[in-house]
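Peer 1: Dumping the structure here so I can ask a few things about it.
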Amino acid sequence: MRVVEPYNYTINSVTASLIVPADYIAINKYRKGQLCKYDNAIWVSTDNFNLAKIPSESPKYWLIVEVLTEYTTATFSVGALVKVTGDKAIYKSLQDTNSGHTPSTSPTWWKRIGSTNLYKFNDEFINTQTCATETIRTTITVSNIDTIAIMNLDATDIQITYKKSTGEVIKEINESLAVSSVLNLYDYFHSTPEYKKDFLAYVPAGYIDATLEIVITKPASTVKAGIILCGSSKEIGATLWGVRNGISNYGRTETDVDFGMTYYKKGAWAKEMDLDVKINTDSVDIVHSRLIETLNEPTLFIGDERTDGIKSTLVFGYFENLITVLNNPSTSECALEIKGVI
């Protein structure tokens with residue numbers, strides 16, 4: 001098991017061109033991942049049976065991708081959405097006759113509700129995604145990293161070029177995200193291609209002001225990336241078999257008290273993981289110190305360190321509980337409960 005404290009990288013460039021989709025139509029049923037235009041913004045459906053749910057009024061069914069209106073000194077009504085490219089942020093007007101109030105410095109007039117599409121992969125959430133038609137490209141500057149993780153993907157391929165500050169290539173990575181979806185004979189003849197949702201790679205450490213050129217693709221479709229993380233990893237110990245990992249579902253059911261009809265309201269989700277790690281007894285204090293450091297901000301926990309390993313043990317979040325059992329003078333075990341962020 002390893003932990004990676006995210007490096008605060010510098011984004012040099014981002015390209016994520018998005019074709020403006022068709023206007024929202026209330027009688028259409030939208031499937032998960034479909035886009036629409038409504039109220040001068042682009043929205044993505046989060047549900048496979050999304051019918052008659054107005055995007056701006058249904059946060060359980062729609063997530064905002066991008067706002068098409070740039071902030072100006074014009075007058076905005078309550079609920080109006082604008083983007084401020086310089087802030088990389090989307091804001092919502094809190095009052096009518098809203099004019100001349102700079103969104104970033106006027107909290108009684110504007111509320112920040114998220115990042116613009118180009119920078120959602122660098123915000124604090126995994127469930128928000130940068131979306132683009134076929135290709136997302138970004139170049140970032142990093143120092144002293146050895147781990148790269150990209151999570152909550154909807155893509156088919158990833159290309160990464162890791163370069164020195166001089167431009168010399170250190171490492172190239174080209175990986176298909178395709179996985180076998182054949183579980184039985186029926187799947188063999190009828191299954192559609194499936195792809196990994198999370199990506200993990202390692203690069204040589206020790207380079208200052210190096211660059212990562214990342215290209216994420218999904219031909220003839222909308223490609224999405226939830227978060228791009230990189231940093232320097234620290235060893236905790238050897239993950240033991242018996243890992244318990246899963247997903248916390250924040251959806252809920254509601255029952256109409258008048259007619260007795262029960263409905264499911266989709267919510268966000270987050271990973272969780274409980275695992276036992278074998279460590280050297282003389283390293284217990286070091287391990288505790290490394291884990292305490294992760295409490296400052298969400299951290300990447302890698303249960304299975306193999307690049308082709310089990311990606312559901314890749315969790316971006318924090319640990320809730322840590323219990324160490326000193327088995328003998330040679331080896332000990334740590335029990336960790338890890339909660340992912342949304």
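The values are calculated or read from the model by the stated rules, or taken from the named source; none is laboratory data. In this text, all values refer to a predicted model and were calculated from it rather than measured experimentally. We place every Cβ from the backbone using ideal geometry, glycine too, and count neighbours over all the protein chains shown.
Peer 1: Just to be sure I understand, how many residues within the range 13-32 are over 15 Å from residue 116 (Cα atoms) and surrounded by 16 or more Cβ atoms within 10 Å (Cβ to Cβ)?
Peer 2: Number of matching residues: 3.
Peer 1: Can you tell me which residue is modelled with the lowest pLDDT among those in the range 244-271 that are under 20 Å from residue 319 (Cα atoms) and among the hydroxyl-bearing types (Ser, Thr, Tyr)?
Peer 2: Filtering the range 244-271 for residues under 20 Å from residue 319 (Cα atoms) gives 244-250, 268-271.
Those still in the list that are among the hydroxyl-bearing types (Ser, Thr, Tyr) too: 248, 250.
Numbers: 248: 89, 250: 84.
Ranking the qualifying residues of the range 244-271, first place goes to 250.
Peer 1: Could you tell me which residue of the range 174-191 is surrounded by the most Cβ atoms within 10 Å (Cβ to Cβ), considering only residues that are part of a loop (DSSP other than H, G, I, E, B) and within 24 Å of the chain's Cα centre (by Cα)? Please lay out each step first, then the result.
Peer 2: Initially, the range 174-191 is screened for residues part of a loop (DSSP other than H, G, I, E, B), giving 177, 180-184, 191.
Right, trim to within 24 Å of the chain's Cα centre (by Cα) and you get 177, 180-181.
Numbers: 177: 21, 180: 9, 181: 12.
So, considering only residues that are part of a loop (DSSP other than H, G, I, E, B) and within 24 Å of the chain's Cα centre (by Cα), the one surrounded by the most Cβ atoms within 10 Å (Cβ to Cβ) is 177.
Peer 1: Since residue 274 meets every condition but one in (1) at pLDDT below 95; (2) among the acidic types (Asp, Glu); (3) under 21 Å from residue 243 (Cα atoms), which condition does it not meet?
Peer 2: If we test residue 274 against (1) at pLDDT below 95; (2) among the acidic types (Asp, Glu); (3) under 21 Å from residue 243 (Cα atoms), just (1) comes out false.
Peer 1: Right, here's the next one. Across the range 25-50, what is the total count of residues that are charged (D, E, K, R) and outside any loop (DSSP other than H, G, I, E, B)? Let's see the steps before the verdict.
Peer 2: Step one: of the range 25-50, the residues charged (D, E, K, R) are 29, 31-32, 37, 39, 47.
Okay, now just the ones that are also outside any loop (DSSP other than H, G, I, E, B), so 29, 37.
So the count comes out to 2.
Peer 1: Answer yes if at least one residue in the range 125-137 is in a strand (DSSP E or B), over 21 Å from residue 41 (Cα atoms) and not small (Gly, Ala, Ser), and no otherwise. Reasoning before the result, please.
Peer 2: Applying the first criterion (in a strand (DSSP E or B)) to the range 125-137 yields 130-137.
Still in the list and also over 21 Å from residue 41 (Cα atoms): 137.
When the remaining residues are screened for being not small (Gly, Ala, Ser), the result is 137.
Looking through the range 125-137, at least one residue is in a strand (DSSP E or B), over 21 Å from residue 41 (Cα atoms) and not small (Gly, Ala, Ser).
Peer 1: Something else: What number of residues within the range 209-227 are hydrophobic (A, V, I, L, M, F, W, C) and not in a strand (DSSP E or B)?
Peer 2: Start the filter on the range 209-227 by keeping residues that are hydrophobic (A, V, I, L, M, F, W, C), which leaves 210, 212, 214-216, 220, 223, 225, 227.
Still in the running and not in a strand (DSSP E or B): none.
Qualifying residue count, the range 209-227: 0.
Peer 1: Name, by its number, the condition in (1) more than 26 Å from residue 270 (Cα to Cα); (2) surrounded by 14 or more Cβ atoms within 10 Å (Cβ to Cβ) that does not hold for residue 144.
Peer 2: The single condition residue 144 does not satisfy is (2).
Peer 1: Among the residues of the range 260-298, what is the count of those that are over 21 Å from the mean Cα position of the chain (by Cα) and within 30 Å of residue 51 (Cα to Cα)? Write out each step before concluding.
Peer 2: At the first step, the residues of the range 260-298 found to be over 21 Å from the mean Cα position of the chain (by Cα) are 260-265, 275-293.
Still in the list and also within 30 Å of residue 51 (Cα to Cα): 260-265.
Number satisfying all stated conditions: 6.
Peer 1: Here is a list: 236, 227, 216. Which entry is within 24 Å of residue 124 (Cβ to Cβ), over 16 Å from the mean Cα position of the chain (by Cα), among the aliphatic types (A, V, I, L, M) and surrounded by 14 or more Cβ atoms within 10 Å (Cβ to Cβ)?
Peer 2: It is 236.
Peer 1: May I pose another question? Within the range 85-97, identify whether any single residue is among the basic types (Lys, Arg) and either in contact (Cβ under 8 Å) with a residue 40 or more places away in the chain or outside any strand (DSSP E or B) (or both), and answer yes or no.
Peer 2: Yes, the range 85-97 contains at least one residue that is among the basic types (Lys, Arg) and either in contact (Cβ under 8 Å) with a residue 40 or more places away in the chain or outside any strand (DSSP E or B) (or both).
Peer 1: Conditions first: (1) closer than 20 Å to residue 314 by Cα; (2) surrounded by 11 or more Cβ atoms within 10 Å (Cβ to Cβ). Residue 241 passes all but one, so which condition is the exception?
Peer 2: (2)
Peer 1: From the list 202, 195, which residue is under 22 Å from residue 219 (Cβ atoms), in contact (Cβ under 8 Å) with a residue 12 or more places away in the chain, surrounded by fewer than 20 Cβ atoms within 10 Å (Cβ to Cβ) and among the aromatic types (Phe, Trp, Tyr)?
Peer 2: Numbers: 202 fails: under 22 Å from residue 219 (Cβ atoms).
Result: 195 is the single residue among 202, 195 that is under 22 Å from residue 219 (Cβ atoms), in contact (Cβ under 8 Å) with a residue 12 or more places away in the chain, surrounded by fewer than 20 Cβ atoms within 10 Å (Cβ to Cβ) and among the aromatic types (Phe, Trp, Tyr).
Peer 1: Here's something else I'd like to know. Counting residues that are crowded, with 16+ Cβ neighbours inside 10 Å, which strands (runs of 3 or more DSSP E) fully inside the range 245-342 reach at least 2? Before you say what the answer is, go through the steps one by one.
Peer 2: Working: elements: 252-255, 262-265, 269-280, 299-302, 314-325, 331-340.
Result: 269-280, 299-302, 314-325, 331-340.
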